[in-house]
Amino acid sequence: MNYKNGELIRKTRQKRGMSQAKLGALIGSQSMVSRIENNQTDPSDQTVLMLCDALMITFEEYFYSIFDKKQSKLSALANQLEIIDHNNDGVMLDKLYVLTQSQSRS
């Protein structure tokens with residue numbers, strides 16, 4: 001059993017402002033979410049994919065977090081852009097644009 005599963009799922013869920021009940025409704029049941037977060041069970045491959053989708057993280061981000069692998073900065077940026085696009089977050093996109101413009105001038 002990988003004890004990082006529960007911690008990653010809990011922290012990401014809380015960061016997204018999502019309750020266990022809401023996440024449970026998206027992936028099957030609240031009790032499943034609770035068992036995963038409390039490291040009582042490992043999620044199946046299908047459940048991992050549903051969790052990633054519901055929590056708006058890529059499988060790559062999940063994998064790197066669980067197995068302590070380093071993600072390239074470009075890959076991390078691409079993942080964040082995907083989330084911003086998915087959320088249709090124009091404000092965050094504008095901030096990112098301004099940041100990249102100032103960095104490219106440096």
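The values are calculated or read from the model by the stated rules, or taken from the named source; none is laboratory data. Note that the structure is a prediction, hence the values are computed from the model and not measured. When the accessible area is computed, the model is the full protein with side chains, heavy atoms only, and any ligands, DNA or RNA have been set aside. Shrake-Rupley method; radii C 1.70, N 1.55, O 1.52, S 1.80 Å.
How much accessible surface area, in Å² rounded to 10, belongs to the heavy atoms of M32 with a 1.4 Å probe?
Accessible area of M32: about 50 Å².
Which whole-number value in Å³ per residue fits the convex hull of the alpha carbons of the range 1-56?
Working: hull volume 3.5 nm³, N = 56.
Per residue, the Cα convex hull of the range 1-56 comes to 62 Å³.
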